[in-house]
Amino acid sequence: SFCTLLITQINRQITNKEVIAHMADSSSAAATAAPAKPTVSGNKVTFRIILTSERTQPFRVITIAEEAPFTAVLRFAAEEFGIASVDSMAATTKDGTGINPAQTSGNVFMKYGQEVRLIPRDKVGCQ
């Protein structure tokens, strides 16, 4: 950091030109470095997952970090309801709009709200 550079300058008794050259080198290296990782906000979202294929419509409440992939929510819900595979079910909203699971939980929560309905694929389109 800049403080360590100043302490090093005092200890070594180097000239200002060398310090400025070193600062220019480090700033250009930082500009060409890989972009910073996204920060984790620590916020959580809560979903009410309803299994619509059952007559009683059981549900589970799942709270997860908003950066987590929505597929993690679906995978956990599938285990809780005893569904064999995440690939064998569809996630929809209460009005029937399909939810693409390839997005973060925070995005799904902001777009569609808290309530998610799971329909096993063998029941899709059935009465």
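We did not get these values from a lab; they are worked out from the coordinates using the rules stated. Model, not experiment: these values are computed from the prediction. Note that we place each Cβ from the backbone using ideal geometry, even for glycine, and neighbour counts take in every protein chain shown.
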Summing +1 per Lys or Arg and -1 per Asp or Glu among the other residues with Cβ less than 14 Å from Arg75's Cβ gives -2
Residues with amide H under 5 Å from that of Glu115, placed H, sequence gap 5 or more: Arg48
